[in-house]
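What follows is a short report on a single structure.
The values are calculated or read from the model by the stated rules, or taken from the named source; none is laboratory data. Here the structure is a predicted model, which is why all the values come from computation and not from measurement. No Cβ is skipped: glycine too gets one built from the backbone with ideal geometry, and neighbour counts run over all protein chains shown.
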Amino acid sequence: MVRINFESFRYFLYWLFFLAFASFYVLLVNPLLLPVTKSTEKIDVSQWKLYDSVFYLTEFWIQRTYYATDVLNEVADYIYKNFKDNWCDEVEFQKYIVKEKEYKNVICRYKWEWDKIVVWAHYDVYWEYVQTVSWKMLFWVYKWADDNASGVAWLLELSRLVWIWKLNKNIEFVAYTLEEPPFFDSEEMWSYIHAKSLFDKNEKINFMMSLEMIWLFWDNLEQSYQMKFQNRFYPKNGTFIALVWTLFDFNIRELKKNMVSYSSIDIESMSAPRFIKWIDYSDHKNYWDFWYNAYLVTDTWFLRNKNYHNENDTIEKLNFEKMAEVVKWLYGILKEAK
């Protein structure tokens, strides 16, 4: 007579249920298991405009950070002018006071019917003075090309494409300040204030995208992860762009399909509970707090970028060809949005 170990059998059923659920979940969110029809539309992304924007943002004589409001105002004026040149229906400064200083966010709106899509990038940079004072931090102006001149360049080029191709979508482009410490993870982050204002007005939002660090795409670049088991599921080289999203957001399937349709760049989606500490390291965290569908587009920050928050984050290391490909699939997301 065969004896059944019911305790072991119970754990076996648990694992079987987990594997079945995980497989079903992958099928729901992953459109790449079936062929995706490629778009034949020729999207003329300007690499020189991307370069010009990054060059402008990285050539200031002092850090473009919270203590240098004059520099931040110059950057805000530059973004404002570009939005105006792209014929946004509305362009405005959104001013606010933090610690007795005035800061500006720049907003471009293309008005149309349907629910709103919000796309943003922060233009302030990190500065260590409040933590450690070093000779370099006082006299060496860091460029901060990846973090986050690259995101601002994306934002401006994407708004230009929306105007050229007349997408007729209700889109709001936002350039933020005060994303970096000492304001990060506080209610003084402008993205928190913006998210709360949308929530308080009960605005209907289709989805949102945060553009944060996008330049590292090299075959010989080693990709690291927070958890070792991720090496089994994700590439070992830094040749992809990551789309970060929350669990059980099934809109991701359609977004990924549109990305693949409009661009040849490799895309990896990364979803995890928020207790994984790196999953909400940008402005999208504040929109998650108000239960909006928000996505982060990134090269995975410090997990790939060994020059994160140091003097080697320079324009020479940017891969503008790949940046242009990412703009294409962002355009595809906006165009195909229902």
Quick one: HIS194 ticks every box in (1) at pLDDT 90 or above; (2) in a helix (DSSP H, G or I) bar one, so which box is it? (1)
Which residues, counting only those in the range 251-291, are under 22 Å from PHE199 (Cβ atoms), more than 14 Å from the chain's Cα centre (by Cα) and basic (Lys, Arg)? ARG274
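Working carefully through the options THR314, THR246, THR239, THR298, find the one that is more than 18 Å from the chain's Cα centre (by Cα) and surrounded by 15 or more Cβ atoms within 10 Å (Cβ to Cβ).
Numbers: THR246 fails: more than 18 Å from the chain's Cα centre (by Cα); THR239 fails: more than 18 Å from the chain's Cα centre (by Cα); THR298 fails: more than 18 Å from the chain's Cα centre (by Cα).
Going through THR314, THR246, THR239, THR298 in turn, the sole match is THR314.
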All-but-one check, TYR66 against (1) outside any helix (DSSP H, G or I); (2) surrounded by fewer than 16 Cβ atoms within 10 Å (Cβ to Cβ); (3) among the hydroxyl-bearing types (Ser, Thr, Tyr), failing number (2)
Looking at the range 101-109, can you tell me whether even one residue there is farther than 30 Å from SER264 by Cβ, at pLDDT 95 or above and over 21 Å from the mean Cα position of the chain (by Cα)? no
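Is it fair to say LYS285 is under 21 Å from LYS116 (Cβ atoms), surrounded by fewer than 16 Cβ atoms within 10 Å (Cβ to Cβ) and either in contact with a Phe, Trp or Tyr (Cβ under 7 Å, 6 or more places away or on another chain) or not hydrophobic (A, V, I, L, M, F, W, C) (or both)?
Details: under 21 Å from LYS116 (Cβ atoms): yes; surrounded by fewer than 16 Cβ atoms within 10 Å (Cβ to Cβ): no; either in contact with a Phe, Trp or Tyr (Cβ under 7 Å, 6 or more places away or on another chain) or not hydrophobic (A, V, I, L, M, F, W, C) (or both): yes.
No, not satisfied.
Residue-by-condition table, conditions (1) part of a loop (DSSP other than H, G, I, E, B); (2) touching a Pro at 6+ places or on another chain (Cβ under 6 Å); (3) farther than 27 Å from PRO181 by Cα:
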position	(1), (2), (3)
LEU50	no, no, no
TYR78	no, no, no
LYS81	no, no, yes
TRP87	yes, no, yes
Run HIS284 past the list (1) within 24 Å of ASN202 (Cβ to Cβ); (2) at pLDDT below 85 and report the number of the one that doesn't hold. (2)
Inspect all residues belonging to the range 27-49 and state whether any of them is hydrophobic (A, V, I, L, M, F, W, C), exposed (fewer than 12 other Cβ atoms within 10 Å of the Cβ), under 22 Å from the mean Cα position of the chain (by Cα) and modelled with pLDDT of 85 or more. yes
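Does GLU59 meet the test of being at pLDDT 60 or above, among the charged types (D, E, K, R) and farther than 30 Å from VAL106 by Cα? Lay out the reasoning, then the answer.
Details: at pLDDT 60 or above: yes; among the charged types (D, E, K, R): yes; farther than 30 Å from VAL106 by Cα: no.
Criteria not met by GLU59.
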Can you tell me which condition GLU90 does not meet? The list is (1) of a type outside the set (Lys, Arg); (2) closer than 13 Å to GLU172 by Cα; (3) modelled with pLDDT of 95 or more; (4) surrounded by 14 or more Cβ atoms within 10 Å (Cβ to Cβ), and all the others hold. (4)
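For residues that are aliphatic (A, V, I, L, M) and assigned to a helix (DSSP H, G or I), scanning just the range 154-191, find the one that is surrounded by the fewest Cβ atoms within 10 Å (Cβ to Cβ). Spell out the reasoning first.
Going residue by residue through the range 154-191, those that are aliphatic (A, V, I, L, M) are 155-156, 158, 161-162, 164, 167, 171, 174-175, 178, 189.
Now restrict to residues that are assigned to a helix (DSSP H, G or I): 155-156, 158, 161-162, 164.
Details: LEU155: 29, LEU156: 23, LEU158: 24, LEU161: 20, VAL162: 24, ILE164: 12.
Restricting to residues being aliphatic (A, V, I, L, M) and assigned to a helix (DSSP H, G or I), the top hit is ILE164.
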Which residues, taken from the range 83-130, are without any contact (Cβ under 8 Å) to a residue 60 or more places away in the chain and in contact with a Cys (Cβ under 8 Å, 6 or more places away or on another chain)? GLU90, VAL91
